[in-house]
Structures are given as structure tokens and as C-alpha cells.
Amino acid sequence: MEIVRLAPDRRTAEEWVLVLVAEGIEAGLTAVDGGIAVTAGAADVANGRRLLDAWERENRLARAEAEIPPTQEWGPTSFGVILAGALVLFFLYTGAHDPDLVWFARGSARSASILRGEYWRTITALTLHADLLHVAANAAACALFVTALARALGPGLASALLVGAGACANALTALVRGPGHDSLGASTAVFAAVGALASLSVGRRRRGRRNRRWQDFAPFAAGLGLLAMLGTAPEADYLAHLFGLGCGALLGGGVAWFLRQPPRPLAQAAWAAGAAAAVAAAWLRALD
């Protein structure tokens with residue numbers, strides 16, 4: 001029997017023996033000057049050292065990941081439910097879709113108007129809905145996904161991300177579809193929340209990790225699956241939903257990269273105020 005490796009202590013040596021035995025190598029322990037060694041047959045020494053090297057690399061990686069501090073969340077919040085209620089109340093005020101009403105004439109995401117410079121429509125369209133079923137579906141999705149996003153990031157940062165990603169998605173939709181397209185609804189922002197949640201999940205899984213695992217991208221697959229189930233109905237604006245998912249994923253990825261914990265309450269208030277100001281300014285410009 002020849003020495004495969006010297007062990008720092010008996011517990012480690014016994015662990016190494018188990019690793020080698022599990023791989024079909026007959027191994028044992030022997031006392032040597034200054035410690036204890038793992039031994040194996042001469043024909044198995046090289047393979048044994050390779051296996052132990054691989055085992056140690058995996059253990060170092062696991063220990064390093066265990067030492068990474070967990071990403072902090074904002075915690076329980078009812079922001080998504082509150083926002084859902086606000087959408088319903090605004091729908092009750094504006095009524096169902098009527099192209100002659102000023103709300104829809106000046107606030108929908110009419111691509112020709114957006115391309116002419118009426119950029120406020122990218123935001124105002126997020127607050128309008130075609131009918132009661134439309135707003136009810138978006139309110140339910142908002143209560144679920146926006147609440148989850150606000151729990152992770154805080155209500156202020158989440159609201160700013162939704163407005164920003166939703167507006168960008170509507171602008172991209174107008175650019176790609178060209179004149180002649182019109183849409184409205186909060187579903188674009190809801191899919192932005194789904195995309196952001198996927199990016200946040202991936203960022204938390206991979207932060208501090210050296211190796212790459214395809215399983216880390218499962219949240220994106222889930223988001224695309226949700227898009228396929230809910231965002232491609234005959235009446236749905238699938239392109240706006242896809243852009244919403246993508247814009248939310250990009251912004252969520254940026255947040256996951258730069259922030260290890262949600263902003264403090266004062267910063268949350270500032271983000272929320274900025275998002276509310278953007279919506280208010282868009283409607284003031286639309287109704288001017």
C-alpha cells in the first residue's frame with residue numbers, strides 16, 4: 001500500500017477513505033511521522049489523488065457558499081394588494097374602454113402617438129383597462145406578483161421598477177409594432193414584476209458562486225412558462241408582455257447585482273414618491 005495523501009486529522013482521513021471506497025478504490029489508514037495517511041494500492045494512487053482533489057474543490061466551494069451572507073428582504077407588505085385596489089378604483093372612475101373618452105383618447109399606448117413624441121402614454125396606459133374582467137385579472141396578478149416583488153425590494157423601489165420597466169416595455173412595443181397599434185392595461189407592469197423576481201432569484205443563487213449551474217436559470221424558465229400561459233391569449237398583447245418580462249428582468253438583474261439589501265425607509269419613500277410623481281406628471285401632461 002502506498003500513501004495517497006497525508007491528512008491533517010483522523011476525521012478528515014476517515015472521510016477521505018470513504019470517498020475512495022465509494023469510488024471502488026480499496027483504501028486504508030496508516031500512522032506516519034507527524035500525522036495519519038490515507039493509503040491505497042500502487043495502481044490506484046494517481047486516481048485516488050485525483051478523486052480527493054476533486055472532493056476538496058467541491059468542499060471548498062460549498063464552504064465558501066455557506067459563508068455568503070443571505071440577501072435580506074424588506075419583509076411582509078400589502079403593497080401589491082393596495083396597488084390592485086387602486087387599479088380597480090381608477091377603473092371605476094374612468095369606466096370601460098371608450099375611444100371617445102378623454103382618458104382613453106389621451107392615455108392609451110397608441111403607437112403612432114408615442115412615436116410622434118407623446119411619451120406619457122407609455123405610463124398612463126398602465127393604469128387603464130378595457131373592462132371589468134380585464135382589471136380584475138390584472139388586479140389579482142398584481143396582488144400576487146407585485147406583493148412578492150415588494151416583499152423582496154420594498155414597496156418604494158418595487159413601484160419605481162414597475163413604472164420604469166412598464167414604460168420601457170410600452171415604448172419598445174410601439175417601436176417594434178409601428179403605427180396602427182394600441183394597447184392598455186397593467187399586465188405589462190405585472191410581467192415586469194415576474195421578470196424582476198426571476199432575476200432576483202438568479203442573482204441570489206449565483207452571488208459569490210464560481211461555478212455555473214443551469215438550474216440557477218430555472219426562474220427565467222418559470223417566467224417564460226407563465227408568459228406562455230397567461231400572456232399569449234388571443235386578446236392579449238403578447239409582445240408588450242414579452243417586453244415587460246424582459247425589461248423587468250434587466251432592471252431586476254441590476255438591482256440584484258448592486259444591492260444586497262433593500263433601501264432604508266427614507267429611500268423607499270423617495271422611490272415611491274418618484275414613481276407616483278411620474279404617473280401624476282404623465283396624466284397631467286395627457287390631460288393638458
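The values are calculated or read from the model by the stated rules, or taken from the named source; none is laboratory data. Note that the structure is predicted; figures quoted are calculated from it, not measured. Backbone-built Cβ (ideal geometry, glycine too); neighbour counts: all protein chains shown.
Scanning segment 136-167 for residues that are touching a Gly at 6+ places or on another chain (Cβ under 7 Å) and of a type in the set (V, I, T) yields a count of 2. Contact map, segment 160-182: residues that are closer than 19 Å to L128 by Cα paired with residues that are aromatic (F, W, Y) and crowded, with 18+ Cβ neighbours inside 10 Å, Cβ distance under 6 Å, separation 6+ or inter-chain. Pairs shown: A160/W271; A169/F243; L172/F243; T173/F243.
Checking each residue in segment 17-54 for being modelled with pLDDT under 85 and either of a type outside the set (A, V, I, L, M) or assigned to a loop (DSSP other than H, G, I, E, B) (or both) picks out D33, G34, G35.
Quick one: is A143 under 20 Å from G274 (Cβ atoms), of a type in the set (A, V, I, L, M), assigned to a helix (DSSP H, G or I) and at pLDDT below 95?
Against the criterion (under 20 Å from G274 (Cβ atoms), of a type in the set (A, V, I, L, M), assigned to a helix (DSSP H, G or I) and at pLDDT below 95), A143 does not qualify.
With respect to the conditions (1) buried (at least 24 other Cβ atoms within 10 Å of the Cβ); (2) modelled with pLDDT under 95, A137 lacks only one, and its number is (1). Each residue in segment 78-103 was checked for being part of a helix (DSSP H, G or I) and out of contact with any His (no Cβ under 6 Å at 6 or more places or on another chain), and 17 of them qualify. All conditions in (1) surrounded by 23 or more Cβ atoms within 10 Å (Cβ to Cβ); (2) outside any helix (DSSP H, G or I) hold for A125, with the sole exception of (2). Within segment 81-119, work out how many residues are surrounded by 20 or more Cβ atoms within 10 Å (Cβ to Cβ), more than 26 Å from the chain's Cα centre (by Cα) and hydrophobic (A, V, I, L, M, F, W, C). Of the residues in that region, 4 qualify. Restricting attention to segment 69-80, the residues that are surrounded by 12 or more Cβ atoms within 10 Å (Cβ to Cβ) and modelled with pLDDT under 90 total 2.
The test for being at pLDDT 85 or above, touching a helix residue (DSSP H, G or I) at 6+ places or on another chain (Cβ under 8 Å) and closer than 20 Å to S159 by Cβ does not hold for L89.
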